[in-house]
1. Just one of (1) over 30 Å from LEU53 (Cβ atoms); (2) at pLDDT 90 or above; (3) in contact with a Phe, Trp or Tyr (Cβ under 6 Å, 6 or more places away or on another chain) trips up TYR245, so point out which.
2. Just a yes or no: is a residue in region 184-195 charged (D, E, K, R) and either under 19 Å from TRP275 (Cβ atoms) or open to solvent by 50 Å² or more (accessible area, probe 1.4 Å) (or both)?
3. Mind listing whichever residues of region 133-155 are buried (at least 22 other Cβ atoms within 10 Å of the Cβ) and part of a loop (DSSP other than H, G, I, E, B)?
4. Output the strands (runs of 3 or more DSSP E) that fall wholly within region 26-132 and possess 3 or more residues being free of Cβ contacts under 8 Å to residues at least 60 places away in the same chain and under 21 Å from the mean Cα position of the chain (by Cα), or say none.
5. Of the conditions (1) of a type in the set (Ser, Thr, Tyr); (2) touching a helix residue (DSSP H, G or I) at 6+ places or on another chain (Cβ under 7 Å); (3) open to solvent by less than 20 Å² (accessible area, probe 1.4 Å), SER220 clears all except one; give me its number.
6. Return yes or no: is VAL88 within 24 Å of THR198 (Cα to Cα) and of a type in the set (Val, Ile, Thr)?
7. Would you say TRP164 is more than 14 Å from the chain's Cα centre (by Cα), under 22 Å from PHE110 (Cα atoms) and open to solvent by 10 Å² or more (accessible area, probe 1.4 Å)?
8. How many residues are of a type in the set (D, E, K, R) and either in a strand (DSSP E or B) or over 18 Å from the mean Cα position of the chain (by Cα) (or both) if we restrict to region 191-208?
Amino acid sequence: MGFSFKKKSIPGMNRKVNRGNLRLFFGKLYFQWKRYLVWFLEKKTFATERVFLEELSQNFPVSIFRHNSPIYRKLKDVPMYLQENKKVNLEIAISQLDGIVLNPDQVFSFWYLVGKPTKSKGYLPGMQLRNGGFVERTGGGLCQMANLIYWMTLHSPLEVKERWRHSFDIFPDSERTLPFGSGATLSYNYIDLQIKNTTKQPFVLHLWIEEGFLKGEWRSDVEIPFLYQVYESYHGFHAEPWGGYTRRNTIRRKKILKSTKEILEDQLVTENVAWMMYEPLLESR
C-alpha cells in the first residue's frame with residue numbers, strides 16, 4: 001500500500017488535552033482498583049494452569065502460528081542500556097507466561113499473570129512511551145511482549161477481548177515488517193491485553209528468547225482448518241488544523257479455509273489514529 005496525505009479533521013484529535021497531575025493520579029488509582037475488583041469477582045475465568053517444556057511437544061504438538069521480533073533496535077535518542085534492561089524485563093515476564101494453558105471459555109490476561117513489575121521482582125528501568133515521548137520506568141519494554149502476543153492471536157481463532165493502541169507515533173519506521181498500529185500497549189493494570197478462547201480446544205502460549213529475538217507461538221493439540229491473513233487496507237498521513245500530522249490506517253483479516261483456499265470472512269480488525277511526533281516524508285506515489 002502507498003501512503004496518502006490528506007487535510008482532514010479527526011473528531012477529538014484537533015487539540016491536545018492537558019490533564020493535571022492530581023487528576024491523572026486519582027484517575028489511574030480508580031481504574032486500577034476497578035480492575036482489582038474485576039479480577040476478584042471473575043477470577044475463575046482467568047487462565048492460570050501451566051505446562052512445562054517437556055510436556056509441550058507431547059500434549060500440544062501443533063504450532064498454530066509462530067512469530068519473532070528483534071529485541072535490539074536503533075532508535076533515536078534511546079540509550080542502548082535501556083534495551084539491555086528490556087531483555088531482562090522480558091525474561092522475567094516470560095517466566096510467568098510461558099506454558100500458560102488457555103482452555104475453552106477461559107481468558108488470558110497479561111497483567112493478571114505477570115503482576116506488577118517492581119524492582120523487588122528484578123525488573124529494571126526500561127523505555128516506556130508516554131505522552132508523545134519516552135521515559136524510564138521500572139519494567140519498561142514489556143509492550144514488545146504484548147505486541148508479539150497480539151499479532152500471533154490475530155493469526156489464530158482466539159478472540160481479542162481487550163487491546164489498547166498507542167496514541168502517538170514516536171519514531172519513524174525502522175525496519176518495520178508488520179503494519180503500523182498492529183501492536184498493543186500496556187500500563188499496569190488497567191491497560192491490559194486480554195484474549196478469550198471461544199473455541200472447543202485448548203491453546204498454549206509458548207515464549208522464549210533466542211539469539212537477540214523475542215520468539216513466541218500459540219500451540220494446540222489438534223490442527224485448525226483455517227489460516228488467517230492480516231493486512232493493511234489503508235494507510236495515510238493527515239494534516240491537522242492544529243499544525244501537526246496524524247497517522248491513520250485500517251487493518252483487516254481474512255479467514256481462509258486451508259483445504260480450498262476459499263476466503264470465508266474478511267473482517268475489520270482495527271482502525272488506528274496516532275499523533276505523529278516527527279515530520280512525515282512528503283512524497284508522491
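The values are calculated or read from the model by the stated rules, or taken from the named source; none is laboratory data. Here the structure is a predicted model, which is why all the values come from computation and not from measurement. Neighbour counts are summed over all protein chains in view; Cβ atoms, including those assigned to glycine, are modelled from backbone coordinates with ideal geometry. All accessible areas refer to the heavy atoms of the entire protein, side chains included, with ligands and DNA or RNA removed. Shrake-Rupley method; radii C 1.70, N 1.55, O 1.52, S 1.80 Å.
1. Answer for TYR245: the failing condition is (2).
2. Within region 184-195, the subset charged (D, E, K, R) is 192.
Still in the list and also either under 19 Å from TRP275 (Cβ atoms) or open to solvent by 50 Å² or more (accessible area, probe 1.4 Å) (or both): none.
Checked against the condition, which is being charged (D, E, K, R) and either under 19 Å from TRP275 (Cβ atoms) or open to solvent by 50 Å² or more (accessible area, probe 1.4 Å) (or both), region 184-195 yields no hits at all.
3. Those that are buried (at least 22 other Cβ atoms within 10 Å of the Cβ) and part of a loop (DSSP other than H, G, I, E, B): GLY139, GLY140, GLY141, LEU142.
4. Those strands (runs of 3 or more DSSP E) span 125-130.
5. Going through (1) of a type in the set (Ser, Thr, Tyr); (2) touching a helix residue (DSSP H, G or I) at 6+ places or on another chain (Cβ under 7 Å); (3) open to solvent by less than 20 Å² (accessible area, probe 1.4 Å) one by one, SER220 breaks only (2).
6. Numbers: within 24 Å of THR198 (Cα to Cα): no; of a type in the set (Val, Ile, Thr): yes.
Spelling it out, it is not the case that VAL88 is within 24 Å of THR198 (Cα to Cα) and of a type in the set (Val, Ile, Thr).
7. Numbers: more than 14 Å from the chain's Cα centre (by Cα): no; under 22 Å from PHE110 (Cα atoms): yes; open to solvent by 10 Å² or more (accessible area, probe 1.4 Å): yes.
No: the conditions fail for TRP164.
8. Step one: of region 191-208, the residues of a type in the set (D, E, K, R) are 192, 196, 200.
Next, only the ones that are either in a strand (DSSP E or B) or over 18 Å from the mean Cα position of the chain (by Cα) (or both) stay: 196, 200.
Here the count works out to 2.
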